[in-house]
Each structure stands twice: as C-alpha cells, then as structure tokens.
Amino acid sequence: MDEMQFEQWEMGIYEDAIETWGRQAQMLKAAEELCELAAAINRLLCCEASGYRTREDVLAELMGEWADVEIMLNQLHVMIEMDEEVYIRKLESLEEKIKKAREKLG
C-alpha cells in the first residue's frame, strides 16, 4: 500500500468511527485515551525509579496508549479544523520558553 492509499484508508476509518459513534462519543473517547496515556507515562517514570516492573513491559504499554491517542487526535482533526494561527502562537511560545530555559542553564 503506497502512502496515498494508506492516507485514504486511514481517513476512511476515522470518518467511519465518527459516523458510527458520533462526535460527542469520539471526543469523550479522546479525553479517555489522553488520560490513559498520562497514566502510562507516570507508570514508566515510576517503573524507572522503583524497578517494580520491567521497563520494556511498561514501555510496550505506553506505546499502545500513544497509538490510541494518535488515532483519537486524528479523529479530532477530522471533526475540528485546527486554527493555524493558534498553533503557530503555541509553537512560538514554546520556542521562547526554550530560549529562556537555555539562558538560565548556561
């Protein structure tokens, strides 16, 4: 499957999910998946500190949650068009924070 075929297949799945369960349900699912990713990140950090579970097991779990979040974010892109100006302002803000942090460090 080439890249264009993949993108069409992927978009079709996102549109089918939204049509099947509705916008509200998919937005709630996106919030749920984001929470699960946050929990998986915390488990990875705790695992690294405690050694309770293997890092590989926790990392595999995180990867699954990350994939779920990517899928839900892509559905949000289908439902809501991102305002490019907002996105650029957020990137500029991050850039400024990086500059300030580097100045403090060094």
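Worth a mention:
- Taking all protein chains as shown and a probe of 1.4 angstrom, Ile71 keeps an accessible surface of around 70 Å².
- Only Lys, Arg, Asp and Glu carry charge here, each on its Cβ (+1 for the first two, -1 for the last two); on that basis the chain has a dipole of about 880 debye about its Cα centre.
- Gaussian network model of the chain, springs between alpha carbon atoms under 10 Å - residue of Leu94, Leu76, Leu37 with greatest fluctuation: Leu94
- Under 30 Å between alpha carbons - lysine pairs in the chain that sit 8 or more apart or on different chains: 4
- Checking (1) 48, 35, 24; (2) 48, 40, 32; (3) 32, 27, 20 against Cα extents along the principal axes in Å calculated from these atoms, the matching label is (2).
- Exposure of Thr54 as accessible area (Å², to 10), given a probe of 1.4 Å and all protein chains: 70 Å²
- Cα gyration tensor shape for the range 19-77, rounded if a/c is under 1.5, else prolate or oblate: prolate
- Computed [θ] at 222 nm, deg cm²/dmol, the chain (DSSP H ≥ 4; -39,500 (n - 2.57); rounded to nearest 500): -31000 deg cm²/dmol
- Each Lys or Arg adds one and each Asp or Glu subtracts one; over the other residues with Cβ under 14 Å from the Cβ of Lys90, this totals -4.
- Full extension of the chain between Ile71 and Val86 yields a length gain of 3.2 nm, computed as 0.36 nm times the residue separation minus the alpha carbon distance.
- Between the range 1-52 and the range 74-106, the alpha-carbon center distance in angstrom: 21 Å
- When the surface is traced with a 1.4 Å probe over the full set of protein chains, Cys47 keeps roughly 10 Å² accessible.
- At q = 0.15, 0.29, 0.31, 0.33 Å⁻¹, base-10 log of I(q)/I(0) for the range 62-106 (Debye sum, equal scatterers on each alpha carbon): -0.63, -0.90, -0.94, -0.99
The values are calculated or read from the model by the stated rules, or taken from the named source; none is laboratory data. No experiment lies behind these values; they were computed from the predicted model shown. Here Cβ is always computed from backbone atoms with ideal geometry, including for glycine, and neighbour counts include all displayed protein chains. Accessible surface areas use protein heavy atoms only, side chains included; no ligands, DNA or RNA. Shrake-Rupley method; radii C 1.70, N 1.55, O 1.52, S 1.80 Å.
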